[in-house]
Amino acid sequence: MDDKDQRSVHAAVIPGNGAPPPLAAAPLAYENSGFLNSADGRLIRIVSEYMEPLARFRREKIQDTVVFFGSARFRGREEADHTLELLENTGSKEPAPSHEQPAKATEIAAGKATDLQLKRAEAAVEMARYYEDARRLAYMLTDWAKQIPSKRSRFVVTSGGGPGIMEAANRGAHEAGGKTIGMNIRLPFEQAPNPYITPSLNFEFHYFFMRKLWFAYLAKALVVFPGGFGTLDEMFEILTLAQTQKLGNKMTVVIYGPEYWKKVFNLEALVDTGAISPKDLELFQFADTPEQAFELLRKGLTENYLEAEAAAGAPSDEDLIEGWALEDF
């Protein structure tokens with residue numbers, strides 16, 4: 001295009017009176033998605049992941065929670081025989097490749113199963129039990145908590161919102177007729193919240209640290225079922241906060257499935273080497289049945305909160321969230 005053509009194009013968009021064309025209104029800053037999703041908008045995104053959940057917890061009258069951690073890499077496939085399907089990644093909707101799946105009975109009988117598939121088949125039996133145990137425990141806890149006189153929901157079962165143990169926990173609470181919270185995290189592969197979460201308490205976070213804040217701050221107890229990196233990360237972060245007395249609440253921590261966990265780590269070795277104190281082993285308790293875990297939870301929650309509230313004359317329906325201050329964080 002030569003200079004003459006360019007001049008004609010520019011002249012064509014200028015009205016006859018020489019004024020520029022009408023200008024569209026600029027987007028409001030809080031409606032400008034380009035800004036909100038930019039590096040400059042990061043602080044607003046972080047604050048949003050604090051304020052929006054806070055508003056919902058107030059609206060839904062959630063006073064405190066019991067958090068369930070555990071593997072998200074498997075899901076129930078056929079409830080009738082409790083076979084399991086391994087997922088491609090933590091919380092993923094897609095199954096793992098067939099050569100990584102637990103061996104089926106027909107494959108074992110035909111001698112077609114690999115060593116990995118045989119190991120996964122043995123593990124699947126245990127993981128199926130843990131799924132059902134988490135479901136049962138969440139049911140028992142919710143059924144008990146519903147009977148506590150309060151205008152607010154107490155000790156609400158909370159999970160990471162995905163499949164596996166997280167689904168089992170939300171499922172048990174749902175089956176008991178209680179509210180149940182799911183705090184999902186956005187990941188770079190397809191995923192979905194499990195269907196047992198109370199819809200108004202279904203969250204999705206971008207920032208791991210904001211999700212962890214909400215896991216820790218409302219929790220009065222923690223139950224850790226067998227899991228992988230994510231479960232280990234979340235468990236040891238809570239234990240570190242308790243060890244360093246950075247938790248505002250007394251936390252009852254139940255580690256479920258000692259047979260599994262004692263193969264994964266040796267905490268006594270940390271004591272022997274002086275890496276942790278012997279009293280740090282008192283920060284948690286082991287349980288191997290839903291009934292045993294429930295009694296530990298009920299005892300801890302009753303002694304640390306219900307009895308203390310009754311003795312202090314504190315109303316159980318007090319809006320604890322309303323009284324939060326910035327220094328609490």
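Yes/no per residue for (1) touching a strand residue (DSSP E or B) at 6+ places or on another chain (Cβ under 7 Å); (2) in a loop (DSSP other than H, G, I, E, B); (3) exposed (fewer than 13 other Cβ atoms within 10 Å of the Cβ); (4) among the aromatic types (Phe, Trp, Tyr):
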site	(1), (2), (3), (4)
GLY230	no, no, no, no
ASP233	no, no, no, no
PHE236	no, no, no, yes
LEU241	no, no, no, no
LEU247	no, yes, no, no
VAL254	yes, no, no, no
ALA275	no, yes, yes, no
LYS279	no, no, yes, no
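Close contacts from segment 61-79, counting a first residue that is at pLDDT below 80 and surrounded by fewer than 22 Cβ atoms within 10 Å (Cβ to Cβ) and a second that is in a strand (DSSP E or B) and hydrophobic (A, V, I, L, M, F, W, C), with Cβ to Cβ under 8 Å and a gap of 6+ residues or different chains, come to ARG75/LEU84; ARG75/LEU87; GLY76/LEU84; ARG77/LEU84. When each of GLY257, GLY228 is tested for being touching a residue at least 60 places away in the same chain (Cβ under 8 Å), over 27 Å from PHE57 (Cα atoms) and touching a Ser or Thr at 6+ places or on another chain (Cβ under 9 Å), the lone residue that passes is GLY228.
Count of segment 172-192 residues, restricted to those that are of a type outside the set (Asp, Glu) and either surrounded by fewer than 24 Cβ atoms within 10 Å (Cβ to Cβ) or on the phi > 0 side of the Ramachandran plot (or both), is 13. Of SER33, SER38, SER48, all but one fail to be among the small types (Gly, Ala, Ser), over 26 Å from ALA145 (Cβ atoms) and surrounded by 13 or more Cβ atoms within 10 Å (Cβ to Cβ); the exception is SER48. Residues in segment 185-207 that are modelled with pLDDT of 95 or more and not in a loop (DSSP other than H, G, I, E, B): PRO199, SER200, LEU201, ASN202, PHE203, GLU204, PHE205.
The values are calculated or read from the model by the stated rules, or taken from the named source; none is laboratory data. The structure displayed is predicted, hence computed values, not measured ones. Methodologically, a virtual Cβ is constructed for each residue, glycine included, from the backbone with ideal geometry; neighbour enumeration extends over all protein chains shown.
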